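Working notes, structure below.
The values are calculated or read from the model by the stated rules, or taken from the named source; none is laboratory data. Since we're looking at a predicted model, the values are computed, not measured. So basically every Cβ, Gly included, is an ideal-geometry build from the backbone, and we count neighbours across all protein chains shown. Heads up: the accessible areas ignore ligands, DNA and RNA and are worked out on the full protein's heavy atoms, side chains in. Shrake-Rupley method; radii C 1.70, N 1.55, O 1.52, S 1.80 Å.
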Amino acid sequence: GNGTVIGAPAANPSADITLKAPSTTGSAGQYLKVATANHSSTNAELEWGTITVPAANPAYSHHDLWRLTTDFEDDTDPVQNFERPDVSPTNPGAIGTGMTYSSGIWTFPATGIWQVQAQFLISYSGTTRWALIELKVSTDSGSNWQGQAEAYTFMNSGGGSPYSNTGVANMLVDVTDASTFRVKIAADTEDDNTTWQGSTSRNYSWIAFTKIAET
């Protein structure tokens with residue numbers, strides 16, 4: 001009957017080459033690899049290897065999304081009234097341990113490098129030309145705050161109450177002490193003709209927290 005052919009090299013080697021096969025047929029899913037032992041330019045022992053699937057990256061074990069639930073007017077610091085979206089087939093809720101939230105302030109559940117992103121929907125009238133949100137961080141449990149990222153929208157009011165999204169405010173926070181690091185959002189506008197949009201059924205204005213690496 002037919003046989004199995006092991007072909008010679010495509011090019012003539014400079015010396016005889018010996019490949020020593022392993023003593024077993026291995027297991028399903030394994031592959032042949034060159035063993036560390038007795039390996040040279042002309043001699044190699046082969047052994048069976050197993051593909052190792054890396055464990056889930058613990059740095060991405062936390063993700064949490066919050067949305068603004070009610071409208072508010074004009075300048076506010078901190079912005080309050082947030083909730084997690086309802087759990088549904090398109091929203092699994094917080095992944096891992098979620099952020100702790102109280103009166104416009106978020107506290108981190110774990111140390112690490114965290115990405116924080118936010119975007120707001122606004123409506124405006126009158127002579128308002130710009131509005132912004134600012135992400136602020138405290139490393140001392142809220143005693144002092146430092147602005148880290150801003151996202152603007154620039155407007156040309158043409159009558160009525162047009163809508164606009166701010167840009168996405170984006171920052172990285174190296175949380176070295178989860179018990180003392182805090183985040184909040186401040187909102188600022190040019191004048192008092194701006195409404196920041198909230199909803200309990202849509203993510204009109206939102207903030208998201210994702211741990212992306214160990215500190």
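Of all the residues in the range 98-124, those that are small (Gly, Ala, Ser) and touching a Gly at 6+ places or on another chain (Cβ under 7 Å) number 0.
Restricting the search to strands (runs of 3 or more DSSP E) fully inside the range 57-113 and requiring at least 1 residues that are polar (S, T, N, Q), surrounded by 15 or more Cβ atoms within 10 Å (Cβ to Cβ) and in contact with a strand residue (DSSP E or B) (Cβ under 9 Å, 6 or more places away or on another chain) gives 105-107.
Condition test on Val168, is it in contact with a strand residue (DSSP E or B) (Cβ under 7 Å, 6 or more places away or on another chain), touching a residue at least 40 places away in the same chain (Cβ under 8 Å), open to solvent by 60 Å² or more (accessible area, probe 1.4 Å) and not acidic (Asp, Glu)? Spelling it out, Val168 is indeed in contact with a strand residue (DSSP E or B) (Cβ under 7 Å, 6 or more places away or on another chain), touching a residue at least 40 places away in the same chain (Cβ under 8 Å), open to solvent by 60 Å² or more (accessible area, probe 1.4 Å) and not acidic (Asp, Glu).
The conditions of being surrounded by 14 or more Cβ atoms within 10 Å (Cβ to Cβ), polar (S, T, N, Q) and in contact with a helix residue (DSSP H, G or I) (Cβ under 8 Å, 6 or more places away or on another chain) are not met by Thr195. Please indicate, with yes or no, whether at least one residue in the range 145-159 is at pLDDT below 95, open to solvent by less than 30 Å² (accessible area, probe 1.4 Å), touching a strand residue (DSSP E or B) at 6+ places or on another chain (Cβ under 7 Å) and not in a strand (DSSP E or B). Yes: one or more hits. Taken over the range 126-144, the criterion of being hydroxyl-bearing (Ser, Thr, Tyr), at pLDDT below 95 and surrounded by 15 or more Cβ atoms within 10 Å (Cβ to Cβ) is satisfied by Thr128 alone.
Mind listing whichever residues of the range 186-215 are among the basic types (Lys, Arg) and assigned to a strand (DSSP E or B)? Please lay out each step first, then the result.
First pass over the range 186-215, keeping only residues among the basic types (Lys, Arg): 202, 211.
Within the range 186-215, just Lys211 meets the criteria.
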